[in-house]
Amino acid sequence: MPIMPTKRIVYLLAAFIFPLLLSWPVTSSAHDKNDIMLANKQHALSEDYVPNELVTPDVAFSGEEEQLQPKAATALESMFKAAENDGVQLYAASGYRSYEYQKNLFQFWVSQYGEEQASRVSAKPGESEHQTGLTMDVTNKDVNFKLKQSFGDTEAGQWIEKHAAKYGFIIRYPDGKEPITGYAYEPWHLRFIGKDHAQAIMKNDITLETYLSYDISKLPGEHKVSAGDTLYRLAENNSTTVENLLALNHDIKTHALSIGTRLQLPGQDIYKIKAGDTLSAIAENYPGVSAKLLMDVNSITAPESLPVGSVINIP
Ligand code: DAL
Ligand code: ZN
């Protein structure tokens, strides 16, 4: 019996379209975090991990040429060109490092400073982001082509802080985040992570560790004051109170807001520190909130001595 046209369509669908759909590559959404490679003190790369492809980016180097994975190299080239157009000359200093190289480097720092101090500035083999081929240390002449914390205050360091995320890079070890990242401030260490992730991390002033562990959409936001804003309206629009806004933003003394000021918005709550409080005890009262998250979101550097009376944001 000849197949009816409608049946034929069904057969056609079954025979061609369906397998095609099944074989269609699953594309990751812009904010999919699954393919972010993590190398830190809690998560080491294996000794034999080497990126599939490494290339030399077409940029200026402060010493020998260095390598990166192709996507990071291309992004670095765009970033260096943009900086140059703004009158800022950047130099690449250290890119991909093998497990073996990092082993010797870490040992060198241990021999100079002892293990405890060395661990604050240098990663043990397997724990360095340089092994991912997605990281470049960057410097310039204002710091004599060295990797120094004062680089963060130079014109180049400031340029990077403002623009790096647009090219997919984050300052991986920000100032004041050592309790979370495990490393002292490194304004020169740029990690390529892709534009969407980088912008989310830099805008919220959080670390990669926090970004990977929490739903970013639940983090309290910021509001840039524009014409016509009042504290009352902001409180209403963000389901909070004027008192909470004032408690989180001590600089706002009066109810007059100046345009362009960035206001911190409360998350699910704000909390006023009492004598004897610990971050872990506070966190326990809020499901899904950890002491580390409180530290990162509130940029708390000394969790053991919380100033009584100060207010923290509960995301
Ligand atoms: N300086 C950074 C932490 C590294 O050694 O990878
Ligand atoms: Zn580095």
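The values are calculated or read from the model by the stated rules, or taken from the named source; none is laboratory data. A quick note: this is a predicted structure, and the numbers were derived from the prediction, not measured. Quick reminder, even Gly has a Cβ in these numbers, built from the backbone with ideal geometry, and neighbours come from all protein chains shown.
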(Q) Which condition from (1) within 20 Å of Ala39 (Cβ to Cβ); (2) away from ligand 1 (no atom under 12 Å from the Cβ); (3) under 24 Å from the mean Cα position of the chain (by Cα); (4) not in a strand (DSSP E or B) is the one that Phe80 breaks? (A) (1)
Q) Here are some conditions: (1) closer than 30 Å to Val289 by Cα; (2) charged (D, E, K, R); (3) within 20 Å of the chain's Cα centre (by Cα); (4) more than 16 Å from ligand 1 (Cβ to nearest atom). Glu186 meets all but one. Which one does it not meet? A) (4)
Q) Restricting the search to region 55-87, which residues are under 20 Å from Gly152 (Cα atoms), crowded, with 19+ Cβ neighbours inside 10 Å and in contact (Cβ under 8 Å) with a residue 40 or more places away in the chain? A) Ser62, Leu76, Met79, Ala83
Q) What tally of residues in region 138-155 results from selecting those that are closer than 26 Å to Tyr211 by Cα and more than 16 Å from ligand 1 (Cβ to nearest atom)? A) 1
(Q) Given the condition among the acidic types (Asp, Glu) and within 16 Å of ligand 2 (Cβ to nearest atom), answer yes or no: does some residue in region 188-208 qualify? (A) no
Q: Identify all residues within region 189-209 that are within 16 Å of ligand 1 (Cβ to nearest atom), of a type in the set (Val, Ile, Thr) and under 20 Å from Thr301 (Cβ atoms); write none if there are none.
A: Thr207
Q: Answer with yes or no whether Ile216 is aliphatic (A, V, I, L, M) and either buried (at least 19 other Cβ atoms within 10 Å of the Cβ) or under 25 Å from Gln67 (Cα atoms) (or both).
A: no
(Q) So Gln112 ticks every box in (1) part of a helix (DSSP H, G or I); (2) within 16 Å of ligand 2 (Cβ to nearest atom); (3) surrounded by fewer than 18 Cβ atoms within 10 Å (Cβ to Cβ) but one. Which box is left unticked? (A) (2)
Q: Could you run through region 210-243 and say how many residues are in a helix (DSSP H, G or I), farther than 18 Å from Asp296 by Cα and either out of contact with any helix residue (DSSP H, G or I) (no Cβ under 7 Å at 6 or more places or on another chain) or small (Gly, Ala, Ser) (or both)?
A: 5
Q | Lone qualifier among Thr207, Thr154 - being under 13 Å from the mean Cα position of the chain (by Cα) and of a type in the set (S, T, N, Q) | A | Thr207
**Q.** Total residues in region 139-150, condition within 12 Å of ligand 2 (Cβ to nearest atom) and either in contact with a Lys or Arg (Cβ under 8 Å, 6 or more places away or on another chain) or closer than 15 Å to Ala83 by Cβ (or both)
**A.** 1
Q.
Pairs please, first residue from region 130-146 and under 16 Å from Tyr96 (Cα atoms), second anywhere and β-branched (Val, Ile, Thr), Cβ atoms under 7 Å, 6+ apart in sequence or on different chains.
A. Val138/Ile160
Q: Output the number of the condition that Lys224 fails; it satisfies all remaining conditions of (1) surrounded by fewer than 17 Cβ atoms within 10 Å (Cβ to Cβ); (2) out of contact with any Ser or Thr (no Cβ under 9 Å at 6 or more places or on another chain); (3) modelled with pLDDT under 95.
A: (2)
Q.
One residue is enough: does region 130-144 have a residue meeting the conditions in a helix (DSSP H, G or I), within 19 Å of the chain's Cα centre (by Cα) and surrounded by fewer than 18 Cβ atoms within 10 Å (Cβ to Cβ)?
A. no
Q. Only one residue in Ala165, Ala235 is among the small types (Gly, Ala, Ser), in contact (Cβ under 8 Å) with a residue 24 or more places away in the chain and either within 14 Å of ligand 2 (Cβ to nearest atom) or over 30 Å from Glu304 (Cβ atoms) (or both), so which one is that?
A. Ala165
Q | In region 263-299, the residues that are in contact (Cβ under 8 Å) with a residue 60 or more places away in the chain and within 17 Å of Asn249 (Cβ to Cβ) | A | Val297, Ser299
